[in-house]
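Note sheet for the following structure.
Nothing in this text is a laboratory measurement; each read-out follows from the coordinates by a stated rule. From a predicted model like this one, the values you see are computed outputs, not experimental measurements. With ideal geometry, Cβ positions are generated from the backbone for all residues, glycine too; neighbour counts draw on all protein chains shown.
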Amino acid sequence: MVIRKIAILFSGTGSNLEKLLETLHRKTFEHCTIDVVCTICNRPNAQGIEKSRSFGIEPIIIDHTLFESREAFDKILVKTILQSGAELTVLAGFMRFLTPYFTQHIKAINLHPSLLPLFKGSNAIKESYDSTLKVAGISVHYVSEELDGGEIIAQRSFEKTSSMSFEEFEAKIHALEHTLLPETVINLLNRREYE
Ligand code: GRF
């Protein structure tokens, strides 16, 4: 059985990190076993740190505030991921702009809480809620040099009703994220041939 190694990057609450670990870590699928070889966090106080520990994985903390430039931070990030042996990196609520140095060295996917290419950036949930669109949703895409602009891999949508409060809307987004991201990772890795 092939072992597919992944790295997970996060910055905050870590609910997606938790779902990924629950669903994927050391689980065997038809064509592979997935092993989360490292989790990396850029914020020393992130709640997700304890979640990672509860799965027996001590997160690697790389505090971005200690670096003089984005590139300097990304160089250490890239080195850490390469050393872990991960063939795919999953950005699960990793709130950093990444430089071309990162995208040129690391194959990564990102979770974004809108139907891309709509509502790129960090205010996606609010902008999507406030918009006149009658549907909303989430996307998983490859990470490229353009912010939230890489090739879309998977999306999931729902109907936005006028009676929906912002809290209900946000909860719906997160519920979809918690299933789509692990499913997408499985779909990508659980192939006879994966490159
Ligand atoms: C998610 O909504 C994700 O789409 C966005 O940041 C949030 C992370 O939540 N990029 P969590 O830390 O996984 O709970």
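What's the extension gain from Q47 to K75 if we count 0.36 nm per residue and subtract their Cα-Cα distance? Kindly include the intermediate steps, with their values, before the conclusion.
Numbers: separation 28, 0.36 × 28 = 10.08 nm, distance 2.47 nm.
Contour length minus Cα-Cα distance gives 7.6 nm.
Each label point is 7 Å from the Cα along the Cα-to-Cβ direction; what then is the distance between the points at K126 and L82, in nm? Using points 7 Å along Cα→Cβ, the separation is 3.8 nm.
Partners of K134 within straight-line reach, counting lysines whose Cα lies under 29 Å from its Cα and excluding those fewer than 8 residues away in the same chain: K19, K120, K126, K160, K172.
Shape of the range 1-110 from the C-alpha gyration tensor: oblate (a/c of 1.5 or more and a/b not above b/c, with a ≥ b ≥ c the square roots of its eigenvalues).
Provide Rg over Rh for the range 69-152; use the alpha carbon set for both Rg and the Kirkwood Rh (inverse mean inverse pair distance). Intermediate results must be reported in sequence, preceding the final value.
Working: Rg = 14.0 Å, Rh = 13.6 Å.
Dividing the radius of gyration by the Kirkwood radius yields 1.03.
Rounded to the nearest 500, what is the 222 nm mean residue ellipticity of the chain from helices alone, with -39500 (n - 2.57) per DSSP H run of 4+ residues and division by all residues? It would help to have the intermediate numbers written out before the result.
Numbers: 6 runs with 68 residues, N = 195.
Rounded to the nearest 500, the figure is -10500 deg cm²/dmol.
Stretched out straight at 0.36 nm per residue, the stretch from S54 to R26 would grow longer than its current Cα-Cα span by 8.6 nm. In terms of packing, defined here as the mean over residues of other Cβ atoms within 10 angstrom, the peptides 152-161, 179-188 line up highest first as 179-188, 152-161. Put in line by how crowded their Cβ is, counting other Cβ atoms within 10 Å and starting with the fewest, F10, F169 read F169, F10. Principal-axis analysis of the Cα atoms of the chain puts helix 15-24 at an angle of about 60° to the longest axis. Values of log10 I(q)/I(0) for the range 100-195 across q = 0.11, 0.23 Å⁻¹ run -0.35, -1.17, by the Debye formula with one identical scatterer at each alpha carbon and no solvent. Work out, step by step, the length gained on full extension between E170 and F158: first 0.36 nm times the residue separation, then minus their alpha carbon distance; give nm to one decimal. Extending this stretch completely gives an extra 3.1 nm. Over the range 2-189, all Cα pairs binned in 10 Å intervals from 0 give whole-percent P(r) values of 9, 37, 37, 15, 2, listed from short to long.
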